[in-house]
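Engineer: Would you mind keeping the following structure in view while I ask a few things?
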Amino acid sequence: MKFKLQLCLEDGSSTSIIEEFYSLDRESHSFETIGMSLSESKELLKNLQTIIIEKQIIAYLKSLNLQDYRRKGSYTIQLKTLFGDIALKSPRFYTNNEEIKATFSPLKELLPMHITPELLYLETKWASLIPFEKTANLLKEVLPVSEPLNASTIQNHLKKIISEQENQLPDEQFMYDSGSILYRRSLPTPERTMIVGMDGGYLRDWNQKKTIFEVIVGKTVPAERNAKCFGFVGSYDQKPKRRIYEHLRSQGMLPNQKLEFFSDGSPNLRSMQNYLNAESVQILDWFHITMRITVLKQFALGFSKIDKQRGADFIKDLKSVKWNLWHGKVQQALDLIEDFEYTVFEHQEDEKIKKKYEKLKILKQQILDFQTYITGNENFIPNYSERHRYGEVITTSFVESTVNYVIAKRFGKKQSMQWTRKGAHLLLQARTQVLNNDWEKVFREKYPKFRTVDINKNLNAA
């Protein structure tokens, strides 16, 4: 059984051009030969792509009316497309200016770069989701792309796109103006508060093998839009507040928008959240409080085995600390934490107890750290009980999953992958935009006719 595929070209003239571009012999008596193979489909697509592009180039050159220009030969360019490399003859012409005697190549205007946006889009999108080497191998496996395609090429393409975006990001500011109180009151009141959670993760440093650096990841949950994430390397990024501000604006933040920032209370995160919006408040994540209390409880259990009475009092007071913090009674909690220090001191000085708790020094440091932590964040501790009762957010658990989603699944935490700060930062920008389903929008801004609405409708209809 023989199949022949023909392409019919209708260019607006009275006649249509029909050209055969692929033939296929196929027997019909075995399961293995049902349909087309992958290699056959790749060959078909490459042949079809070649004919379509060649016809488009001929039509483009014809529309320029170049008959008045004297020709000066041609040279071959390789156009890298989603369906293979296409060799094209690029003609050169002399300009009509006799004094300058310059030449020009019309295809330079049509083809400003030798890789099509479709291929560039797929390369960079996949590279933000899986390693560069796997991206190259997968593209070569399923599409008739060029064999020389490798991880370094894809990485360079991704870096170039993101670097252009980075250059377009406005300058950093210490404070972002939300307008006067009267102006904000005159605006329609937003329906709900926008929730913003931020947390940090760590990657291994490529340049200093034994060190790590922090990656900041955040997630915004607006009222009427999809939740979206953002990320950056704090030690590399020169515009962290601007980046967060622009992200919030893209999520529909208004000058009178009520914002609630949740974080673990670290000073670097709080400083990034300051002065982004006049209606914003910062809240210490309840999860991080309970995590520190849990650590102290483990020490208290060990302490009670050596000093039963004081250990029991320690555990009881620890529960009271948690209850007071849950209800926003920070000073009462700090008073109880201060009592812990006296409990440890009494145990240390008690001559009746010959065998002292072996982790006493570590316990004292843990108590001091917890006291410092609560004192430093006392202005950001609300009444969690009341918020919980009204169904309001009290923890950044939604950000914890985002950290793993954004970092762990691509940056290879389990495989101990190493990164430069710049490389990690640039990849983060691409990855978050892909995860937010904004990558196509990025390409449409750069290439206005890329996957236009009409094309997408046709694809969906098919």
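The values are calculated or read from the model by the stated rules, or taken from the named source; none is laboratory data. Everything numeric here is computed off the predicted structure, so don't read it as measured data. Methodologically, a virtual Cβ is constructed for each residue, glycine included, from the backbone with ideal geometry; neighbour enumeration extends over all protein chains shown.
Engineer: What is the residue count in segment 323-375 for residues that are in contact (Cβ under 8 Å) with a residue 12 or more places away in the chain, outside any helix (DSSP H, G or I) and either small (Gly, Ala, Ser) or farther than 15 Å from Asp307 by Cα (or both)?
Structural biologist: 2
Engineer: Is there a residue in segment 339-356 that is within 19 Å of Ala312 (Cα to Cα), under 45 Å from the mean Cα position of the chain (by Cα) and hydrophobic (A, V, I, L, M, F, W, C)?
Structural biologist: Yes, segment 339-356 contains at least one residue that is within 19 Å of Ala312 (Cα to Cα), under 45 Å from the mean Cα position of the chain (by Cα) and hydrophobic (A, V, I, L, M, F, W, C).
So that you can scan it fast, the table gives a plain yes or no per residue for (1) in contact with a Pro (Cβ under 7 Å, 6 or more places away or on another chain); (2) farther than 24 Å from Cys229 by Cβ; (3) of a type outside the set (Val, Ile, Thr):
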position	(1), (2), (3)
Asp369	no, yes, yes
Glu378	no, yes, yes
Asn383	no, yes, yes
Gly391	no, no, yes
Ile394	no, no, no
Tyr405	no, no, yes
Trp419	no, no, yes
Gly423	no, no, yes
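Engineer: Which residues, counting only those in segment 223-260, are closer than 24 Å to Leu182 by Cβ, among the basic types (Lys, Arg) and not in a loop (DSSP other than H, G, I, E, B)?
Structural biologist: Arg249, the sole residue that qualifies.
Engineer: Can I ask one more? What's the total number of residues in segment 205-222 that are modelled with pLDDT under 90 and buried (at least 19 other Cβ atoms within 10 Å of the Cβ)?
Structural biologist: Final tally of qualifying residues: 1.
Engineer: Right, next: Residue by residue through segment 50-65, note down the ones that are surrounded by 14 or more Cβ atoms within 10 Å (Cβ to Cβ) and touching a residue at least 40 places away in the same chain (Cβ under 8 Å).
Structural biologist: Of everything in segment 50-65, those that are surrounded by 14 or more Cβ atoms within 10 Å (Cβ to Cβ) and touching a residue at least 40 places away in the same chain (Cβ under 8 Å) turn out to be Ile51, Ile52, Lys55, Ile57, Tyr60, Leu61.
Engineer: Does segment 16-38 hold any residues that are touching a residue at least 12 places away in the same chain (Cβ under 8 Å), within 21 Å of Leu143 (Cβ to Cβ) and either assigned to a loop (DSSP other than H, G, I, E, B) or out of contact with any strand residue (DSSP E or B) (no Cβ under 7 Å at 6 or more places or on another chain) (or both), and which are they?
Structural biologist: Within segment 16-38, Met36, Leu38 meet the criteria.
Engineer: Just to check your reading of the model, which residue among Thr103, Thr81 is touching a residue at least 24 places away in the same chain (Cβ under 8 Å), touching a Leu at 6+ places or on another chain (Cβ under 7 Å) and β-branched (Val, Ile, Thr)?
Structural biologist: Thr81
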